1. If the Cβ limit is 8 Å and pairs must be 6+ apart or interchain, which residue in the range 219-244 that is charged (D, E, K, R) pairs with which residue that is open to solvent by 30 Å² or more (accessible area, probe 1.4 Å) and more than 11 Å from ligand 1 (Cβ to nearest atom)?
2. Can you tell me which residue in the range 77-102 is nearest to THR129 (Cα to Cα), limited to those that are open to solvent by 60 Å² or more (accessible area, probe 1.4 Å) and in contact (Cβ under 8 Å) with a residue 40 or more places away in the chain?
3. What are the residues in the range 218-266 that are closer than 28 Å to LEU15 by Cβ, assigned to a loop (DSSP other than H, G, I, E, B) and within 16 Å of ligand 3 (Cβ to nearest atom), if any?
4. If ALA105 satisfies every condition in (1) under 30 Å from SER190 (Cα atoms); (2) buried (at least 24 other Cβ atoms within 10 Å of the Cβ); (3) touching a strand residue (DSSP E or B) at 6+ places or on another chain (Cβ under 6 Å) but one, which is the exception?
5. Please give the number of the condition GLN100 fails out of (1) within 30 Å of THR162 (Cβ to Cβ); (2) more than 12 Å from ligand 2 (Cβ to nearest atom).
6. Of all residues in the range 17-69, which are farther than 23 Å from PHE91 by Cβ and free of Cβ contacts under 8 Å to residues at least 12 places away in the same chain?
7. Could we say that LEU227 is within 11 Å of ligand 1 (Cβ to nearest atom), of a type in the set (A, V, I, L, M), surrounded by 19 or more Cβ atoms within 10 Å (Cβ to Cβ) and farther than 24 Å from TYR94 by Cβ here?
Amino acid sequence: MSQHVSNDRVTPLVLQKMKGNTKIVSLTAYTSSMASLVDPHVELIIVGDSVGMVAYGQASTLGVSLETMINHGAAVVRGANRACVIIDMPFGSYQESPQQAFRNASRVLSRTGAQGVKLEGGAEMLATTQFLVERGIPVMAHIGLTPQHVNRLGGFKAQARTAESTAQLRDVAVAFAQHGAFALLVEAISEPAAARITAAVNIPVIGIGASPACDGQVLVTEDILGLFSDYSPRFVKRYAELSPLISTACAQFAMEVRQGSFPTSAHCFTMLEQPME
Ligand SMILES: Nc1nc(=O)c2c([nH]1)NC[C@@H]1CN(c3ccc(C(=O)N[C@@H](CCC(=O)O)C(=O)O)cc3)CN21
Ligand SMILES: CC(C)C(=O)C(=O)O
Ligand SMILES: [Mg+2]
């Protein structure tokens, strides 16, 4: 069944129709097992390049390759049968030219079965967005705090906190909508900026650290589960504390192996015939 093109799969068009009447709920996933747990509860699953930090222990998202995004993206599509799946284009795979972006984004879609890609940037990505969209690739534009620009931003710092930068970001948002982006992702921006952008465009605006003014919300799943604690941005809310549960389970296993109480006969295979002499 999961290999079929499902009729009730949420599409970018379905997300667009939700703007103005129903909040869009989104979470990230990197694996099939997490995707299948998240899928019943969300309309949109983002396979984020945050996988580099959360699953590979890297200090930024810059080291993630196209191959890594394709492998995790394919796993997520196999695990999710209802939500729209959008995959982050990793650093260096799309900034060079619209042609480079199309070559790599088309590989992402053809090898994963996802429905679109997300790319980070500002006005410099407008032509690329239009190039991909005209050739059949739905594009979500990620603006505001763009983690792939961490070295220029001087850290993961909230954006659009002045009147001037807010007006600039609103103009960029409007331009992305005009160039065919099906949705915007706004990260770590002020509430007035989020409210202005959401009112100014006719496409869905998904926020992370961008106030309730957005059309929808996304967070990194490991963050809401208390599974990633290298840092805790103020916009993260922990809905569970799974790390201590995992530690306790591992400690219990270790203790039982060392004292010989695991495994028991219930965990062992018997001979299929009478034991031989
Ligand atoms: N697990 C995870 N969750 C995320 O939300 C996430 C990632 N990884 N990786 C990529 C980016 C990085 N993100 C972050 C990380 C930290 C802050 C943060 O703490 N910002 C503070 C301090 C900034 C500073 O001065 O260094 C701020 O006030 O903006 C914000 C966004 C969001 N993204
Ligand atoms: C904003 C989130 C969805 C993201 O880009 C990531 O997790 O990489
Ligand atoms: Mg990302």
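The values are calculated or read from the model by the stated rules, or taken from the named source; none is laboratory data. Keep in mind that this is a model prediction, so the values were computed, not measured. Every residue, glycine as well, gets a Cβ built from its backbone with ideal geometry; the counts of neighbours run over all protein chains shown. Accessible surface is based on the protein model in full, side chains and every heavy atom, while ligands, DNA and RNA are left aside. Shrake-Rupley method; radii C 1.70, N 1.55, O 1.52, S 1.80 Å.
1. Here the result reads ASP223/ARG238, each pair linking the range 219-244 to a residue that is open to solvent by 30 Å² or more (accessible area, probe 1.4 Å) and more than 11 Å from ligand 1 (Cβ to nearest atom).
2. This residue is PHE91.
3. VAL220, PHE228, PRO233, PHE235, VAL236
4. Answer for ALA105: the failing condition is (1).
5. (1)
6. LYS17, ASN21, THR22, LEU37
7. Numbers: within 11 Å of ligand 1 (Cβ to nearest atom): yes; of a type in the set (A, V, I, L, M): yes; surrounded by 19 or more Cβ atoms within 10 Å (Cβ to Cβ): no; farther than 24 Å from TYR94 by Cβ: yes.
No; evaluated as a whole, the condition is false for this residue.
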